[in-house]
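J.: Structure incoming, see below.
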Ligand code: SF4
């Protein structure tokens, strides 16, 4: 008999919207509201009946404990194993992954190293003026997206958090807010903007430093910077200084650009400068549903948020050197355990090609098809089959509920079985 489950959190993107309503019938979600194009596509792929086979070894069905023993053997025989992914997992799975990495002396890395790794390095260098999305919703009358296209990547971000909500100090909703978008080309988000500032590709750093100068009252003796007239930049600097509360949401268009960490540093410094005049924040647009949780769990377990090497029995952190991308390209890892293989999407073709030459173990949700691993497990989906916690892009932990029953083990269950099979 069909029934409705309310207040479900979606972990498809970093918004982690927690207002979804599902109709459940015969152990499957048959409808999900409100509509979001991103979660509709994701649910269509992963919301399928649990497969009869929960694990395979070399493509042949195997019991989960037998497959766990095979995975442990691969990891035991490796000189330098790596654990990668984690951004579609949840706190229990991420904790289990760190436990296993610690035991086997692995390099452990998340998708952050290929997305906002530069941003994390920047905020570790100059600090960050942060806020929750609730503060944005209630306070911000100036919203600026920089190198981000949330209309496509986070379809409900503007609806729920930044632009449209009627907030405590912005009771008019959309009419009470200004939206400015900095990008190198028009996109779906620029169409909704009050002001689109087109900048030349790879000139974010120069434009941000010009804005810093103008905010600090330093005159510029040039007519334009990064393709933007200085008169326009001066007007924008005044708009930022005179708003009641403003926020930069920045995406991979800034963090992955040339000298990405320097660009993000400049934006964080501009945010700090603006706080001499008004209240201003900067927040990353996180892509994966629980990549912020992966940062948090790694940081509280090892002291570092990503690219951590535990081979010497203590954590070492060096983005670049210990990132999955570089370790694979340089051929420095000889076995890889993937916790969520859709994290491969952010790696280069060379890094992915290297995976075809080393033993692989993959823990994936039903319907995943990113890799054919030597040892493969199908695991329960957090927020659908299992309870858990996902950290929203503003690092607010959101509880995840089990909406339907599933016989599938969670990734934490499988990782703990591998740990047990690894032995002492
Ligand atoms: S915006 Fe993101 S978190 Fe919200 S419903 Fe869509 S995919 Fe899910």
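A short reminder: the numbers here are calculations on the coordinates, not readings from a lab. Computed from a prediction, not measured in an experiment: that's the story for all the values here. Glycine also receives a Cβ, built like all others from the backbone with ideal geometry; neighbour counts cover every protein chain displayed.
J.: How high is the FRET efficiency between residue 58 and residue 79 when r is their beta carbon distance and R₀ equals 22 Å, given to the nearest 0.05? Walk me through the numbers before you get to the answer.
T.: On the way: r = 22 Å, r/R0 = 0.99.
After rounding to 0.05, the efficiency reads 0.50.
J.: Now for a separate question. Among bridges DSSP assigns within region 125-211, what percent are antiparallel (round to 5)?
T.: Values: 0 of 9 bridges.
Around 0 percent antiparallel, to the nearest 5.
J.: Quick one: angle between helix 37-46 and the longest Cα principal axis of the chain, in degrees between 0 and 90, rounded to 10, please.
T.: Value to nearest ten degrees: 0.
J.: Would you mind getting me the FRET efficiency between residue 66 and residue 202? Use the beta-carbon distance for r and R0 = 45 Å, nearest 0.05.
T.: Between residue 66 and residue 202 the formula returns 0.30.
J.: Separate question: Please work out the Cα center distance from region 87-108 to region 282-352, rounded to the nearest Å.
T.: 11
J.: Residue 235 versus residue 345, label points 7 Å from Cα toward the beta carbon: distance in nm?
T.: 3.8
J.: Something else about it: Return the calculated 222 nm mean residue ellipticity for the chain, to the nearest 500 deg cm²/dmol, obtained by summing -39500 (n - 2.57) across DSSP H runs with n ≥ 4 and dividing by the residue count.
T.: Per the formula, -9500 deg cm²/dmol.
J.: Report the FRET efficiency, 1/(1 + (r/R0)^6), for residue 405 and residue 352, where r is their Cβ-Cβ distance and R0 is 41 Å, rounded to 0.05.
T.: So the FRET efficiency works out to roughly 0.75.
J.: Taking the Cα atoms only, what angle lies between the long axis of helix 91-104 and the longest principal axis of the chain, rounded to 10 degrees?
T.: Roughly 60 degrees, rounded to the nearest 10.
J.: Now for a different question. If you fit an axis through the alpha-carbon atoms of helix 411-422 and take the longest principal axis of the Cα set of the chain, what angle between them do you get, 0 to 90°, nearest 10?
T.: The two axes meet at around 50 degrees.
J.: Right, another one. Between residue 314 and residue 3, what length in nm is gained on full extension when 0.36 nm per residue of separation is reduced by their alpha carbon distance?
T.: Working it through step by step, the gained length comes to 107.0 nm.
J.: Now for a separate question. Does a label point 7 Å from the Cα of residue 26, set along Cα-to-beta-carbon, have any residues of region 397-423 with amide nitrogen under 16 Å, and which are they?
T.: What the label zone holds, given the 16 Å backbone N cut-off, is 405.
J.: Still on this structure: Just grab the label-to-label distance for residue 372 and residue 278, each label 7 Å out from Cα along the Cβ direction, in nm (one decimal).
T.: So the label points at residue 372 and residue 278 sit 5.7 nm apart.
J.: Using the per-residue mean of other Cβ atoms lying within 10 Å as a proxy for protection, in what order, highest first, do the peptides 382-390, 197-205 fall?
T.: Going by the mean number of other Cβ atoms within 10 Å, highest first, we get 382-390, 197-205.
J.: Which of these, 243, 15, 115, has the largest mean-square fluctuation under a Gaussian network model of the chain (Cα springs below 10 Å)?
T.: 243
J.: Cα centroid distance between region 357-391 and region 174-231, in Å?
T.: 41
J.: Between 141, 25, 334, which gets the highest mean-square fluctuation from a Gaussian network model of the chain, Cα cutoff 10 Å?
T.: Looking only at 141, 25, 334, the biggest GNM fluctuation is shown by 25.
J.: For region 78-122, what does the alpha-carbon gyration tensor say about shape, rounded, prolate or oblate, given a ≥ b ≥ c as the root eigenvalues, a/c under 1.5 as rounded, and a/b over b/c as prolate?
T.: oblate
J.: Which residue, 286, 392, 312, has the most motion in a Gaussian network model of the chain that connects Cα atoms within less than 10 Å?
T.: With Cα springs under 10 Å in the chain, the top fluctuation among 286, 392, 312 is at 312.
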